[in-house]
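Let me begin by presenting the structure, written as C-alpha cells, before commenting on it.
The values are calculated or read from the model by the stated rules, or taken from the named source; none is laboratory data. The structure displayed is predicted, hence computed values, not measured ones. No Cβ is skipped: glycine too gets one built from the backbone with ideal geometry, and neighbour counts run over all protein chains shown. For accessibility, only protein heavy atoms count, side chains too; no ligands or nucleic acids. Shrake-Rupley method; radii C 1.70, N 1.55, O 1.52, S 1.80 Å.
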Amino acid sequence: MPYYSFDLVIGEEYKNQGGLILENIELAADRAQQLATELSIVHPELKFKGCAVRVTSNENAEVYRTPLDPIPSWMMPGS
C-alpha cells in the first residue's frame, strides 16, 4: 500500500502534518479533506489566507490539494 504525506500549505511554506499508509488516492483525498476541516476549526484564521492541505506521494509528487476554506456548493456556478 502507498504512503501519503500531508502538508499544511501557507503561501509558499509547507508544514508537515504527518503521513499515512492508505489503500488509494481516494482515501488520501478523504483524509486531506478531514484534516482541512479540523485545521480550519482549530486555526480559523488560516481559512481566510488561502491555505490548503496537500497530499504528496512516496515520490514527493503532489497528488491532491484541498483548500481550508472551500467555496460553498451554493456559490458554485451552475448550482
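Taking the C-alpha atoms only, the angle from helix 25-42 to the longest principal axis of the chain is near 50 degrees. Per-residue ellipticity at 222 nm, computed for the chain from helices alone with -39500 (n - 2.57) per DSSP H run of at least four residues, works out to -7500 deg cm²/dmol. For the chain, what % of the accessible area comes from carbon and sulfur atoms, probe 1.4 Å? Ligands and nucleic acids excluded, carbon and sulfur reach 54 percent.
Picking from Glu45, Glu23, Glu59, which is most flexible by a Gaussian network model of the chain using Cα springs under 10 Å? Sorting by GNM fluctuation, first place goes to Glu59. Over the chain, the ratio between the Cα radius of gyration and 2.2 N^0.38 Å evaluates to 1.11. Close amide H partners of Cys51, meaning residues 5 or more places away or on another chain with modelled amide H under 5 Å apart, are Leu68. Based on protein heavy atoms only, the chain ends up with 67 Å² per residue of surface accessible to a 1.4 Å probe. Restricting things to Cα coordinates, could you compute the convex hull volume per residue of the stretch 1-40 in Å³? Spelled out: Cα convex hull of the stretch 1-40, divided by residues, is 65 Å³.
Between Lys15 and Ala61, the simple spin-label model (points 7 angstrom out along Cα→Cβ) gives 2.9 nm.
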